[in-house]
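What follows is one structure encoded as C-alpha cells, with my remarks underneath.
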Amino acid sequence: MKIDYTNYNDIDLLDDDFFIESMISPTRESELFWTELIDRKKIDINEFISANMLLKSIRQNRHELAWERKEQLWKRIDTTRNSLKNKRKKGVRLYKYLSVAACSAIVIGLSLTFLFKKDHSSPENNHEIDYTQFQLGHQQQTQGEIRIVTGDRQVEIDGEDAEIKYDSAGSLTVNNEAVDQEVSHTSATELSYNQLHVPYGKRASLTLADGTSLWVNAGTTVIYPAVFPDHKREIYVDGEIYAEVKRDENRPFLVKTDKLEIYVLGTSFNVSAYKEDSQRRVVLVNGLVDVMLNGENTRLSPNQMYTCIGKESSVETVDAEIYTSWRDGIYIFRNEPIENILLQLSRYYNVTMIFPQQQPSGILCSGKLELKDNISHLLNNLSQIASFNFGVKDNEYRIQFNQ
C-alpha cells in the first residue's frame, strides 16, 4: 500500500523508515521516487528539506547511521528542541550547537550548505543554488528577536533595529560589537550561506562583504554568503529590502525572490516580495536593472516600477521616494488601497489587523505617516481620511469600514 506523503511534516518524515533509508543509502529507484513526489507537489518541499537537513547534520563525518540508535536519537532531538524553546535569551547572543544538539536549531534556521537534487560536493557541478526551491515561508521568523544564522551558530539581537556588517574577509560585527565566529574559507565546491531573519516590528541594516548596503524591512529574510566567490554575487530575499549595490564589472549582482530575478551592476533599488502578498514590486532609484520573470526580461530605468501579479507584469513611471521612504521611518502612499496600508503598518508595528468578512473596501488613500508615532495614534489619524473605525484587544486591531 502506497503512503500518501502530501501532509507529512519533517517529524513525520523522520519517523518514516523508507525516507531515512532513502536518505542514508539512496538508490536510483528511491531518488526517482522522491524526485517525482517533489515535481508533482505530492510532498511539502519545506518539510522534506528540513528533515533531510536534520539527517545530514547528524551524519556529518559519518557514513552510516545505525538503525538501533534511531529511537534514542529522536528522543535526544526532541529533548534538545524543547530545552531551546524554553530558554530566555538577552542581549547579543552567540550560540554554538554541537553534534546532535545542532539539529533542532538547523531545522529552524537552515544553513543552506546543503544542495538539493545534485551532489554539489563533486567538482564537475556548477554550484548554482535555486533558492526558490527552498520556499522559506514556513521558516520565516515573524516574532522574537532579529537573528543571524551562520552555519552551526546563531546570533540573536535585542532591540527594534540592528546594524550588521561584514568586512571583506567575512568577519562580522553587530551594532559595532565584533562577533567571534569561525569564518569558513571554503573552496568553490562548498559555498556556505548565512541567513538574516528580521521579524515583524523590527528593522536592520546589512553591509555585505563586497560593500553592498541593504536596508531590511520588517518580516524579511535575506540569505547571503559571508564572502562572495570570485565569479558572482547572489542573494535571496523573502520580504522587502532597499539595496545600494557596490559596482563590480566582473561580478554582476543578482537578487532572487520566489518569483523574480533582478540583475544589477551598481545601482539603488527597492524590492518588495513578501510570499503572502499577491504582488511583487521592483522600484529603481538610479542605474539600470533587469528583471526576469518566467524567462522574460524587462529592463528598468530610474523612477520606473515593475509589478507582477501571478504571471502578469507591468511597468509604470513612479516617484521612487514613495516606495523607499520606509528606510527613513516614513511611509508615503499614493492612491493605495486602505487594506494594503494597514497590512504594511501591521508588519512594521508587529500587530494583527482583522478585517471584516466582505469584499475589499474600495477605499484609496494618499498621505504620509511618521512611523515613529504610536500605532493607535497613526490609526486615529488614518481613520479620519479613510472612514473606518477600529478596536484593539491583546495586540489585535479589528477594522470596520464605514460604507
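The values are calculated or read from the model by the stated rules, or taken from the named source; none is laboratory data. Predicted, not measured: the structure shown is a model, and the values here were computed from it. Cβ sites come from the backbone with ideal geometry, for glycine too, and all protein chains shown count toward neighbours.
Going by the conditions given, is S313 touching a Ser or Thr at 6+ places or on another chain (Cβ under 8 Å) and under 26 Å from E145 (Cβ atoms)?
Values: touching a Ser or Thr at 6+ places or on another chain (Cβ under 8 Å): yes; under 26 Å from E145 (Cβ atoms): no.
No: the conditions fail for S313.
If I go through region 381-395 residue by residue, how many of them are surrounded by 12 or more Cβ atoms within 10 Å (Cβ to Cβ) and at negative phi?
Number satisfying all stated conditions: 8.
If you check N381, N340, N335, which single one turns out to be of a type in the set (S, T, N, Q) and within 24 Å of V198 (Cβ to Cβ)?
Just a single option satisfies the conditions, and that option is N340.
Within region 204-225, is there a residue that is part of a strand (DSSP E or B), modelled with pLDDT of 90 or more, of a type in the set (D, E) and surrounded by fewer than 21 Cβ atoms within 10 Å (Cβ to Cβ)?
Narrowing region 204-225 to residues part of a strand (DSSP E or B): 204-207, 213-216, 220-225.
Add one more test, that the residue is modelled with pLDDT of 90 or more, and what stays is 204-207, 213-216, 220-225.
Remaining after also requiring of a type in the set (D, E): none.
No, that holds for no residue.
What number of residues within region 134-181 satisfy the criterion of being assigned to a loop (DSSP other than H, G, I, E, B), touching a Lys or Arg at 6+ places or on another chain (Cβ under 8 Å) and either within 17 Å of A226 (Cβ to Cβ) or modelled with pLDDT of 80 or more (or both)?
Selection size over region 134-181: 6.
Of everything in region 280-295, what is of a type outside the set (A, V, I, L, M) and under 15 Å from I241 (Cβ atoms)? Give them in sequence order.
Residues satisfying the conditions are R280, R281.
Could you tell me whether T352 is buried (at least 18 other Cβ atoms within 10 Å of the Cβ), among the polar types (S, T, N, Q) and within 26 Å of the chain's Cα centre (by Cα)?
When the stated conditions are applied, T352 does not pass them.
If L369 satisfies all but one of (1) closer than 30 Å to E249 by Cβ; (2) surrounded by 12 or more Cβ atoms within 10 Å (Cβ to Cβ), what's the number of the condition it fails?
Exception for L369: condition (1).
Take region 5-42 and flag every residue that is in contact (Cβ under 8 Å) with a residue 12 or more places away in the chain and among the acidic types (D, E).
Passing the criteria: D10, D12, D15, D16.
Matching residues to (1) outside the structural domain of A51 (by TED's automatic domain parsing); (2) of a type in the set (K, R); (3) outside any loop (DSSP other than H, G, I, E, B); (4) at pLDDT below 85:
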residue: D4; (1), (2), (3), (4): no, no, no, no
residue: N7; (1), (2), (3), (4): no, no, no, no
residue: I11; (1), (2), (3), (4): no, no, yes, yes
residue: F18; (1), (2), (3), (4): no, no, yes, no
residue: E21; (1), (2), (3), (4): no, no, yes, yes
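Which one of the conditions (1) under 24 Å from K275 (Cβ atoms); (2) at pLDDT 80 or above does D39 fail to meet, given that it meets all the rest?
(2)
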